[in-house]
1. For the range 399-442, give me each residue that is part of a loop (DSSP other than H, G, I, E, B) and farther than 28 Å from residue 519 by Cβ.
2. Of all residues in the range 369-382 being crowded, with 19+ Cβ neighbours inside 10 Å and touching a residue at least 40 places away in the same chain (Cβ under 8 Å), which is farthest from residue 444 (Cα to Cα)?
3. Would you check if residue 229 is outside any loop (DSSP other than H, G, I, E, B) and not aliphatic (A, V, I, L, M)?
4. Go through 161, 194, 187, 177 for me and flag whichever is under 21 Å from residue 348 (Cβ atoms), surrounded by fewer than 22 Cβ atoms within 10 Å (Cβ to Cβ) and under 24 Å from the mean Cα position of the chain (by Cα).
5. What is the number of the single condition among (1) buried (at least 24 other Cβ atoms within 10 Å of the Cβ); (2) within 15 Å of the chain's Cα centre (by Cα) that residue 468 does not meet?
6. Considering every residue within the range 482-500, establish whether at least one is of a type in the set (Ser, Thr, Tyr) and crowded, with 18+ Cβ neighbours inside 10 Å.
7. Contact list please: Cβ distance under 6 Å, first residue in the range 223-246 and in the same structural domain as residue 296 (by TED's automatic domain parsing) and of a type in the set (Asp, Glu), second residue within 15 Å of ligand 2 (Cβ to nearest atom) and at pLDDT 95 or above, pairs at least six apart or on different chains.
8. Looking at (1) buried (at least 20 other Cβ atoms within 10 Å of the Cβ); (2) within 16 Å of ligand 3 (Cβ to nearest atom), can you tell me which one residue 475 breaks?
Amino acid sequence: MGIYVNQVGYLPKAKKVAVSTFPCNFQLINSQTQCSVLDGTTTPMGIDDCSGEQVYQIDFSAVMSPGSYYLLAGNGERSHTFQIEENAYEALKSSVMKALYYQRCGCELSEKYAGVYTHKACHTAPSVFLEDYINKTPSPRQFDMTGGWHDAGDYGRYTSPAAVALAHLLYAYELFPEQLQMDLNIPETGNDMPDILNECFYELTWLLKMQAPDGGAYHKLTSFSHADFVMPEDDLMQFMIFPVSSMATADFAAVMALASRVYAPFRPEFSEKALAAAKKAWDWLEANPYVGFHNPAGSNTGEYDDECDLDERLWASAELLRTDAENSAVYLNKLKEYSAMPMSKTDFGWTDVSGLATLAILFDPSHSAQELEPEYRKILLTEADRLCALQAASAYQLAMKPEDFVWGSNMVVCNRSMLLILASLLAEQEQASSYREAALNQLHYLLGRNAMDISYVTGFGENAFKNPHNRPTHADGIELPMPGWVSGGPFKTPCDPAAMERIPAGTPPMKCYVDDVGSYSTNEITIYWNSPVVFMTAFFAEK
Ligand code: G3I
Ligand code: 9MR
Ligand code: ZN
């Protein structure tokens, strides 16, 4: 039994809805004065598919005065305390971005920037090729592959996930620059670039190293197997360069083309280097068909396998078209070719990046793919309408179906918010505000309006999750985890021992979650589960 709210809070003028699992008369209490500012009764919403519960809604949109509040039911049940505030998501925005700094690999995290979450420089030894490692080649070739962000709770660094996280962040900056002028207290703070670009630059500098001499991009850089649960500097396993894949190469081409544009005013030399790298990767793509990736026998680090590289190629052609004007005819032809293929155009995750192509096309100030715009616009708005219809049918006002609770379901939740945000930017007034509200509903779920009554961001909300599957969190001996991390969230078929032990068979998808450090399939963190939240909070900060 519970009353579930966005535990961080609501914007004063926005719609404000809580969810309860029982009917009641409620009061909205100002927690400073302990006075009731509103009372009412719940509205029955029927059974919710994703949580399997009978659900009721509490609408308190009428209250707009800033303050700290909680909901109290006639039977004494109460919600967590939350804010109504103009800048409700400001601190969250900086924190989910700062979290990426804690993933920096190859350098020391000092107290000045990392507070208590310090560690010595990690993974500084040279890397070798996988084949040399497997063949035990005497004096193997060695490479400096240091830098970048640890992908997640493991210490691997993977090309496609890196490219996707960077794309969310760089597009957030392109679309909402005013909202992303934040000071993150990182070593580069105070230089000539906004800190979001400084932090991304750290990752991009490493990513450039992931290009092979022939232009292809290596799929990943990890040890053969995952490290034990030790601090990063204590992980002394040999890191190795895994083979090139076409998926990694296309994602690499796309994000380098994008970065070349974004950094042109600040780092012209890097901008040129990034474009040259993108073009080289493009030439590799032109010369090579699909090249997949699978772990060699006995290796268990992240696989990020993908049977289809067409969405990645679509995205690469869209970004290069925008950046490399000299060869635009080539990219436009390819873009048209891929556009005609039957595939999604609306996804923003690591497996399917097609939505990033849509974003590139529709938000191009020079309209390089003008003839494709009406079609893409229609696809985007049709998907936005489908998501709104899902919300209308959901007692949690959440655009998710039971089958959408895959590993990392919070990414699906947040990627759908991104899509609704784009729809809101494209649509006319009234429609725009309803897309905006729908995008915000996805954030309300993430921050506590869910059947677990949990905020899936560490440090944000009275009942935020506390035990991410993250090696430093386990090994550092500090009680609280680093703030600003987004959990992967409920997974309908959890597959790690910690979750399988504690989640009974038949549990509804929205409840297939445990806040347990051992649960990598429901409670890990990753760079590309945080990056969409930077995009979302930047948008909601717009006045
Ligand atoms: O592609 C199928 C889709 O066709 C199907 O409809 C759907 C329904 O279950 O499943 C889809 O595949 C899932 C895939 O993710 C794409 O969403 C797999 O079941 C699921 O097992 C897979 O999970 C991935 C997981 O690694 C295991 O490979 C996660 O997305 C991915 O985020 C996660 O990544 C790990 C890295 O390997 C290592 N680093 C940490 C990171 C986070 O946990
Ligand atoms: O800790 C690993 C996590 O980062 C990955 O997402 C997950 C899937 O690749 O694997 C985790 O590592 C586990 C490994 O797969 C099996 N043995 C236990 C490891 C950690 O508990
Ligand atoms: Zn490291």
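The values are calculated or read from the model by the stated rules, or taken from the named source; none is laboratory data. All of these numbers come straight from a predicted model, not from anything done at the bench. Cβ sites come from the backbone with ideal geometry, for glycine too, and all protein chains shown count toward neighbours.
1. Taking the range 399-442 and keeping what is part of a loop (DSSP other than H, G, I, E, B), we get 399-401, 405-408, 427-428.
Result: 427, 428.
2. Taking the range 369-382 as the starting set, the residues that turn out to be crowded, with 19+ Cβ neighbours inside 10 Å are 369, 372, 376, 380.
Of the ones still in play, those that are also touching a residue at least 40 places away in the same chain (Cβ under 8 Å) are 369, 380.
On the way: 369: 35, 380: 22 Å.
Among those residues, the one meeting the criterion is 369.
3. no
4. Working: 161 fails: surrounded by fewer than 22 Cβ atoms within 10 Å (Cβ to Cβ); 194 fails: under 21 Å from residue 348 (Cβ atoms); 187 fails: under 21 Å from residue 348 (Cβ atoms).
Only one candidate qualifies: 177.
5. If we test residue 468 against (1) buried (at least 24 other Cβ atoms within 10 Å of the Cβ); (2) within 15 Å of the chain's Cα centre (by Cα), just (2) comes out false.
6. Within the range 482-500, one or more residues are of a type in the set (Ser, Thr, Tyr) and crowded, with 18+ Cβ neighbours inside 10 Å.
7. Cβ pairs passing all conditions: 235/155; 235/227.
8. Only one criterion in (1) buried (at least 20 other Cβ atoms within 10 Å of the Cβ); (2) within 16 Å of ligand 3 (Cβ to nearest atom) is unmet by residue 475, namely (1).
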